[in-house]
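Student: Before I ask anything, let me first share the structure, which is written out below as structure tokens.
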Amino acid sequence: MSADTDVEVLRRQGRIVVVGASLAGLRAAETLREQGFTGSLTVIGDEPYEPYDRPPLSKQALLGRARPEDTALPRRRDIDAVWRLGVAAEGLDRDAKQVRLANGDTVAYDRLLITTGTRARPWIHPEEAGLDGVFVLRTRDDSARLCRKLTGGVSRVLVIGAGFTGSEVASACRELGLEVTVAERGPAPLVGALGGVVGAVADRLQRRHGVDLRCGISVTALEGDYVGRLRRAHLSDGSAIDVDVAVVSLGAVRNTEWLAGSGLAAGPRGIACDAGCRVFDVNGIVTDDIYAAGDVARSPHPLFDYQFLSLEHWGNAVEQAEIAAHNMICAGPDRRPHLWLPMFWSSQFGVNIKSVGVPPLGDQLVVAQGTLGEERFVAVYGYRGRVIAAASFDGAKWLGFYQQQIESGAPFPPEYRTVDRRTETLEPVDPAFPDPHLPTHGPTVTLTGHSPSERRIKFVPSHA
Amino acid sequence: MRLVVDLNRCQGFAQCVFLAPDVFSLHGEEALLFSPRFDETQRDRVEKAAAACPVQAILVDYSDEPTKGAEPHVG
């Protein structure tokens, strides 16, 4: 039987299992049906809910403009799937081609798609994390619990970590009229994702909106009272603040533990896959029946030195899921690469922040439009003489242009004339990214592969 | 009835805000907030808003029941 016949049989009566019932899982399932897959489709999710949208959970949901339980994602078509919800996948047996579930069931597959995503990084001390009043914000339930707490008469909120989620929570708290302290280990908010130059703007923005922002500080301990309610937080500068709510916003942890022992190249940095979303095993051999997409995947990208990119981005989840689904059910020459340009947004303190490309790769920065002082600008990041990323504060309409610049490897510093340019800011500066080895909240784009400048291994033939 | 906006595409044209102000609103100059769920009374407006979006960033699902088999089935 030829490979093409195999693909035909798979499309007609194969068994496809998707582990991870979120944005990526749903869009993949829709794409499979869209492209004519008529076999059996099973979607497994550890939460008891159908796939829902996360971005509103830290924005309009906290402001009371939408209920966390109303964020179920719209469907593009009927996917005729068997849903296994409220039960986590616990193991993978590649020899038997089975996924093992937490309740002991097994689900057999011909093709497997892993979209298990990430979870919130918990507070470092489990006992303190268990105090009443200590929250993380990742799931629908997290958001519902935090909303109830914030509207229930709290006096001061502590946000630990000023990445995007932490900053959005702080913004919502101020809008609700709550006193909020933000503790950030790095020198400025958003510094891991956008660097210190843009971070300084976020810093001013937070302070101007009444946030008690403390940078270069970490929280050393959370203290509860005799009934286990959060009362006080101790900081690394020796001070303490009285708080009854702490929102731990220290970035995300990839959900790959369930793959331990499966022989797949899966670990804390995600699941390594090729540009076609096919997962590698630990020997670097590509599998042909297991695919990954969304936050949990990392794959090489030619625009960024073929380094492995892992993206916690909404648009990436959609796009990568569609590519993975397409590739799962077609023959080799018809497969497509996932070469999406990283892109994300955040809204906080009434400002729309957007980014395209990979800012943390940047070694230089110019403000091509607007000025940092007006909090309305486009910052363009360069890497070795070409444009590698752009970030805007209230300048979304320009980013399509910068997307083209990045995709075409345009030279940096930019030579073109732009609208609303101020000549005094066109001198390239260091974007001031912190040493990536220092722990902070972490960027939403992570370069997890090699860096060509780091040549650590050299091959020397013995007969030379 | 539910909707989602691809905010990567959204450039803050605000056509949706004019056409369906109860569902879409701007926060500041250009940050869009939306209600992920809406009811029959908003249907017409949401349809117009989705059609008018210059970057076609609004995805709408007019059905109201949960995804078949996805709720409240557990296990």
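Student: Accessible area, 1.4 Å probe, largest first: how do A:K149, A:K397 sort?
Tutor: Result of the area sort, largest leading: A:K397, A:K149.
Student: Also: Full-extension gain between A:E407 and A:R208, please, as 0.36 nm times their residue separation minus the C-alpha to C-alpha distance.
Tutor: 68.0 nm
Student: Moving on. Within the stretch A:23-50, what residues put their amide N at less than 20 Å from the label point 7 Å along the Cα-to-Cβ vector of A:V253?
Tutor: Backbone N within reach: A:45-48.
Student: Mind giving me the FRET efficiency for A:R269 and A:E69? R0 is 35 Å, r the Cβ-Cβ distance, nearest 0.05 is fine.
Tutor: E(calc), rounded to 0.05, equals 0.60.
Student: Hey, another quick one. Going through the cross-link list A:K59/B:K48; A:K59/A:K354; A:K59/A:K397, which pairs have a Cα-Cα distance over 23 Å in this structure?
Tutor: A:K59/B:K48
Student: Taking only protein heavy atoms and a 1.4 Å probe, what accessible area per residue, in Å², does the stretch A:350-408 have with all protein chains in place?
Tutor: For the stretch A:350-408, the solvent-accessible area averages 27 Å² per residue.
Student: Between A:R100 and A:A240, how many nm apart are label points set 7 Å from Cα along the C-beta direction?
Tutor: That separation, rounded to one decimal, is 4.6 nm.
Student: Still on this model: Can you send over the carbon and sulfur percentage of the accessible area for the protein assembly as shown, probe radius 1.4 Å, protein chains only?
Tutor: With neighbouring chains kept in place, the figure for the protein assembly as shown is 50 percent.
Student: Rolling a 1.4 Å sphere over the protein heavy atoms, what is the accessible area per residue of the stretch A:75-196, to the nearest Å²?
Tutor: I get 39 Å² per residue for the stretch A:75-196.
Student: Could I have the simple spin-label model distance between A:T371 and A:R384, label points 7 Å from Cα toward Cβ, reported in nm to one decimal?
Tutor: Once both label points are built, they end up 3.5 nm from each other.
Student: Can I ask one more? Please check the stretch A:328-348 for residues whose accessible area, probe 1.4 Å, is lower by 50 Å² or more when all protein chains are in place than in their chain alone.
Tutor: Output list: A:W345.
Student: Let me ask something else. To the nearest 10 Å², what's A:D281's accessible area with a 1.4 Å probe?
Tutor: The accessible area comes out at roughly 20 Å².
Student: Rounded, prolate or oblate: pick one for the stretch A:223-329, where a ≥ b ≥ c are the square roots of the eigenvalues of its C-alpha gyration tensor, a/c under 1.5 means rounded, and failing that, prolate if a/b is larger than b/c, else oblate.
Tutor: Here the stretch A:223-329 falls in the prolate category.
Student: Another question, if that's okay. Ignoring ligands, DNA and RNA, how do B:V4, A:V136 rank by accessible area with a 1.4 Å probe, largest first?
Tutor: Correct descending sequence by accessible area is A:V136, B:V4.
Student: Right, another one. With n ≥ 4 as the cut-off for DSSP H runs, can you work out [θ] at 222 nm for chain A, using -39500 (n - 2.57) per run divided by the number of residues, rounded to the nearest 500?
Tutor: After summing the helix terms and dividing by the residues of chain A, the value is -6000 deg cm²/dmol.
Student: Another question, then. Among A:S171, A:S218, what's the order by accessible area (1.4 angstrom probe), most exposed first?
Tutor: The residues order as A:S218, A:S171, largest area first.
Student: Here is a further query. Take the alpha carbon atoms of the stretch A:400-432, find their center, do the same for the stretch A:35-60, and report the distance between the two centers in whole angstrom.
Tutor: Each part reduced to its Cα centre gives a spacing of 38 Å.
Student: Antiparallel versus total DSSP beta bridges in the stretch A:121-252: what percent is that, nearest 5?
Tutor: Around 30 percent of the beta bridges assigned by DSSP in the stretch A:121-252 are antiparallel ones.
Student: Need the full-extension length gain, A:D430 to A:R12, defined as separation in residues times 0.36 nm minus the C-alpha distance. One decimal, nm.
Tutor: 145.0 nm
Student: Next up: Pairs of Cα atoms under 8 Å, at least six residues apart: use those to get the relative contact order of the stretch A:96-197, whole percent.
Tutor: RCO, the stretch A:96-197: 16 percent.
Student: Rounded to the nearest 5, what % of DSSP beta bridges with both residues in chain A are antiparallel?
Tutor: If I count the DSSP bridges inside chain A, around 60 percent turn out antiparallel.
Student: Hey, rough spin-label estimate for B:A14 and A:E127, points 7 angstrom out along Cα→Cβ, what's it come to in nanometres?
Tutor: A separation of 5.4 nm, rounded to one decimal place.
Student: Against the empirical 2.2 N^0.38 Å scaling, what ratio does the C-alpha Rg of the protein assembly as shown come to?
Tutor: 0.97
Student: Sticking with this structure for a sec: In Å², what does the accessible area per residue of the stretch B:2-61 work out to with a 1.4 Å probe?
Tutor: On a per-residue basis, the stretch B:2-61 sits at 45 Å².
Student: Residues of B:31-43, mean number of Cβ from any other protein chain within 10 Å of their own Cβ, rounded to a whole number?
Tutor: Taking the mean over all residues of the peptide, I get 5.
Student: Next question, about the same structure. Work out the FRET efficiency for B:E47 and A:E34 from their Cβ-Cβ distance, taking R0 = 22 Å, and round it to the nearest 0.05.
Tutor: The pair B:E47/A:E34 has a calculated efficiency of 0.45.
Student: Report the accessible surface area buried between chains A and B, summing both sides, using a 1.4 Å probe on protein heavy atoms only, in Å² rounded to the nearest 100.
Tutor: The contact between B and A buries close to 3200 Å².
The values are calculated or read from the model by the stated rules, or taken from the named source; none is laboratory data. What you are looking at is a predicted structure, and each value in this text was computed from that prediction instead of being measured. Positions of Cβ are generated from backbone atoms using ideal geometry, with glycine treated the same way; all protein chains shown enter the neighbour counts. Ligands, DNA and RNA are excluded from the accessible area calculation, which covers all protein heavy atoms including side chains. Shrake-Rupley method; radii C 1.70, N 1.55, O 1.52, S 1.80 Å.
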